[in-house]
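Enquirer: Just dropping this structure here.
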Amino acid sequence: MKRSWTQLKKNDVVMVVAGKEVGKSGKVLRLFPKSQRVIVEKVNMIKRHTKPSAQLRQGGIVEKEGGIHVSNLMIICRRCNAPVRIGKKIMEDGSKTRVCRKCGELLEK
């Protein structure tokens, strides 16, 4: 299932629901809309071998987060404290907001 890019945003707390990192959760750091991938804090850690440079005095093995496909993630509701599906709700002023499908809690801050 393709998820629209309005569902996940930077700084959302998400949980991995499929793949080798299943069960881990973290904050969304970056979004890549063209490849439909997301970088999540402390999830899918990869190792990069780097040479010494002007910024990095000492070369070596650097661990950093790798991308995860958006279909493997679900947003965590603050009230339910569980991974949930997202619905849309139109407010009185005409703006759209994201809501939890389980409890109806607004996911916007």
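We did not get these values from a lab; they are worked out from the coordinates using the rules stated. All figures in this text were calculated on a predicted structure; none of them were measured in a lab. All Cβ positions, glycine included, derive from the backbone under ideal geometry; neighbour counts span all protein chains shown.
Enquirer: Using modelled amide H (1.01 Å from N, peptide plane; none on Pro or chain starts), what sits under 5 Å from the amide H of D12, excluding residues fewer than 5 places away?
Expert: So D12 has HN proximity to V28.
Enquirer: Still on this structure, I have one more. Give a residue-ordered list of calculated ³J(HN,Hα) values for the stretch 77-93 (Karplus: 6.51 cos²θ - 1.76 cosθ + 1.60, θ = phi - 60°; whole Hz; x for Gly, Pro).
Expert: Once θ is set to phi - 60°, the couplings for the stretch 77-93 become 6, 5, 7, 6, 6, 8, x, 9, 7, 10, x, 10, 9, 9, 7, 4, 7 Hz.
Enquirer: If you build a Gaussian network model of the chain, linking Cα atoms that sit under 10 Å apart, which residue out of G59, G67, G19 swings the most?
Expert: Judging by the Gaussian network model, the answer is G59.
Enquirer: Using the Karplus curve 6.51 cos²θ - 1.76 cosθ + 1.60 with θ = phi - 60°, what ³J(HN,Hα) values do you get for each residue of the stretch 13-30, in whole Hz, with x for Gly and Pro?
Expert: Along the stretch 13-30, the couplings run 8, 10, 10, 7, 10, 8, x, 6, 9, 4, x, 7, 9, x, 8, 6, 9, 9 Hz.
Enquirer: Quick one: net charge around T97, please, counting Lys, Arg +1 and Asp, Glu -1 for every other residue with C-beta under 9 Å from its C-beta.
Expert: On the way: positive: K88, K89, K96, R98; negative: E108.
Neighbourhood net charge equals +3.
Enquirer: Let me ask something additional. Counting only residues 5 or more places away or on other chains, whose amide H sits under 5 Å from the amide H of V99 once H atoms are built in the peptide plane?
Expert: Counting only residues 5 or more places away or on other chains, the set is G87, K88, K89, L107.
Enquirer: Which of H49, H69 comes first, and how do the rest follow, when ranked by fewest Cβ neighbours within 10 Å? All intermediate terms of the calculation are to be shown ahead of the outcome.
Expert: Values: H49 8, H69 13.
Lowest to highest Cβ neighbour count: H49, H69.
Enquirer: Also, I was wondering about something else. Could you run the Karplus curve 6.51 cos²θ - 1.76 cosθ + 1.60 with θ = phi - 60° over the stretch 37-47 and give me ³J(HN,Hα) per residue in whole Hz, x for Gly and Pro?
Expert: Those phi angles translate into 10, 9, 9, 10, 4, 6, 10, 6, 6, 10, 10 Hz.
Enquirer: Using only Cα atoms, locate the centre of the stretch 44-60 and the centre of the stretch 94-109, then give the distance between them in Å, rounded to an integer.
Expert: 41 Å
Enquirer: Ok, one more. Give me S35, S25, S71 ranked fewest to most by other Cβ atoms within 10 Å of their Cβ, as a rough exposure proxy.
Expert: On the way: S35 10, S25 17, S71 13.
Arranged by neighbour count, lowest to highest, S35, S25, S71 become S35, S71, S25.
Enquirer: Using a 4.7 Å Cβ cut-off, which Cys residues in the chain lack a partner cysteine?
Expert: Cysteines lacking a close Cβ partner in the chain: C103.
Enquirer: Here's something else I'd like to know. Determine the sum of side-chain charges near T50: Lys and Arg each +1, Asp and Glu each -1, restricted to other residues whose C-beta is under 12 angstrom from that of T50.
Expert: It works out to a net charge of +4.
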